[in-house]
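Student: The structure that follows is given in the form of structure tokens.
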Amino acid sequence: MWQHFFEREKKILNPYIMKLNDHKEYIMYDKEIINSYKNRWNEYFKNDNPIYLEIGCGAGNFTIKNSVKYPNRNYLAVELRFKRLVLASEKATKRDLKNLVFLRQNGNDILNFIGSNEIDGIYINFPDPWEKKVKNRIIQPKLFELTDKIMKKNGKIFFKTDHYGYYLDVLEKLESINNYKILFHTDDLHNSIKKEDNLTTEFEDLFLKQNLKINYIEIEKEV
């Protein structure tokens, strides 16, 4: 499939598609290859360090910061947009990071490439709030059906949003979700006890410049 993309006339292509082959060290885009690492991500990283997943990593600022701060953790960062993947890879290349990889995958397909109890933590930062179609929000009961399968006991989910209604919606949903408990939540992250250890995303930096409050929830899988 990917050969078809690379052989088409460049003028009709997203130019960042053509750059994927220059970033093979950090970007995986072939679904067959990505899926082949299911239950084998520690083998990919050549160590037994804990693995963290970011769903929708954007241009990679948050993942890069984590990789630098926590060199004894491994990071899988999922993103669909070609430009963002390339920009993220360029940042990782400059720092010669060895504990992360960017996957061109849909977050809804995580069971295809992540196995049982492979993940220690999941980051969901500033997902689309879908104000007019709230059923499309990523944090729904069905998400926890997926995380039940891939997360280890006591694994954590970290959620950030600038949308107060989304924050309240997630808190309400968690009341009826079995096997998960809220460890911490705040409607003003940057005026909370978590501020000191917080690592910001691209969107977060933008929202802070606009004096917007960041809502945050930390969730733990109990079994």
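Student: Taking only region 1-53 into account, find how many residues are at pLDDT 95 or above, of a type in the set (A, V, I, L, M) and surrounded by fewer than 16 Cβ atoms within 10 Å (Cβ to Cβ).
Tutor: 1
Student: Name the residues in region 69-96 that are part of a strand (DSSP E or B) and within 13 Å of Cys57 (Cβ to Cβ), would you? Full working, then the answer.
Tutor: Just the residues of region 69-96 that are part of a strand (DSSP E or B), to begin with: 74-79.
Those that are part of a strand (DSSP E or B) and within 13 Å of Cys57 (Cβ to Cβ): Tyr75, Leu76, Ala77, Val78, Glu79.
Student: Taking the condition of being more than 18 Å from the chain's Cα centre (by Cα) and in a helix (DSSP H, G or I), how many residues in region 192-213 meet it?
Tutor: 4
Student: Please find, within region 156-191, the residue that is nearest to Ile138 (Cα to Cα) out of those that are charged (D, E, K, R) and under 19 Å from the mean Cα position of the chain (by Cα). Steps first, answer last, please.
Tutor: Taking region 156-191 and keeping what is charged (D, E, K, R), we get 156, 160, 162, 169, 172-173, 175, 181, 187-188.
Now drop any that are not under 19 Å from the mean Cα position of the chain (by Cα), which leaves 156, 160, 162.
Working: Lys156: 16, Lys160: 12, Asp162: 15 Å.
Across region 156-191, the extreme among qualifying residues is Lys160.
Student: Still on this structure, I have one more. What's the number of the only condition in (1) at pLDDT below 95; (2) crowded, with 20+ Cβ neighbours inside 10 Å that Gly60 fails to meet?
Tutor: The failed condition is (1).
Student: Here is a follow-up. Return the residues of region 85-122 that are under 13 Å from Met28 (Cα atoms) and over 13 Å from the mean Cα position of the chain (by Cα); say none if nothing qualifies.
Tutor: Scanning region 85-122 gives Val86, Ser89, Phe113.
Student: Six or more apart or on different chains, Cβ under 7 Å: which pairs go from a residue in region 179-197 that's closer than 12 Å to Lys160 by Cβ to one that's surrounded by 15 or more Cβ atoms within 10 Å (Cβ to Cβ) and among the small types (Gly, Ala, Ser)? Could you list them?
Tutor: So the pair list comes out as Thr186/Ser192.
Student: Give region 74-115 a look and list any residue that's acidic (Asp, Glu) and within 19 Å of Ile33 (Cα to Cα), or say none.
Tutor: Applying the first criterion (acidic (Asp, Glu)) to region 74-115 yields 79, 90, 96, 109.
Answer for region 74-115, where residues must be acidic (Asp, Glu) and within 19 Å of Ile33 (Cα to Cα): Glu79, Asp109.
Student: Separate question: If you take the residues in region 63-90 that are among the hydrophobic types (A, V, I, L, M, F, W, C) and in contact with a strand residue (DSSP E or B) (Cβ under 7 Å, 6 or more places away or on another chain), which one is surrounded by the fewest Cβ atoms within 10 Å (Cβ to Cβ)? Explain how you work it out, then say what you get.
Tutor: Taking region 63-90 as the starting set, the residues that turn out to be among the hydrophobic types (A, V, I, L, M, F, W, C) are 64, 68, 76-78, 80, 82, 85-88.
Imposing the further condition that a residue be in contact with a strand residue (DSSP E or B) (Cβ under 7 Å, 6 or more places away or on another chain) reduces the set to 76-78, 80, 85, 88.
Numbers: Leu76: 28, Ala77: 29, Val78: 22, Leu80: 12, Leu85: 29, Ala88: 25.
Among residues in region 63-90 that are among the hydrophobic types (A, V, I, L, M, F, W, C) and in contact with a strand residue (DSSP E or B) (Cβ under 7 Å, 6 or more places away or on another chain), the one surrounded by the fewest Cβ atoms within 10 Å (Cβ to Cβ) is Leu80.
Student: For region 61-99, name all the residues that are under 18 Å from Tyr16 (Cα atoms) and of a type in the set (Ser, Thr, Tyr).
Tutor: Those that are under 18 Å from Tyr16 (Cα atoms) and of a type in the set (Ser, Thr, Tyr): Ser89, Thr93.
The values are calculated or read from the model by the stated rules, or taken from the named source; none is laboratory data. Predicted model only: the values in this text are computed from it and were never measured. Counting neighbours? That spans all protein chains shown, and the Cβs are built from the backbone with ideal geometry, glycine included.
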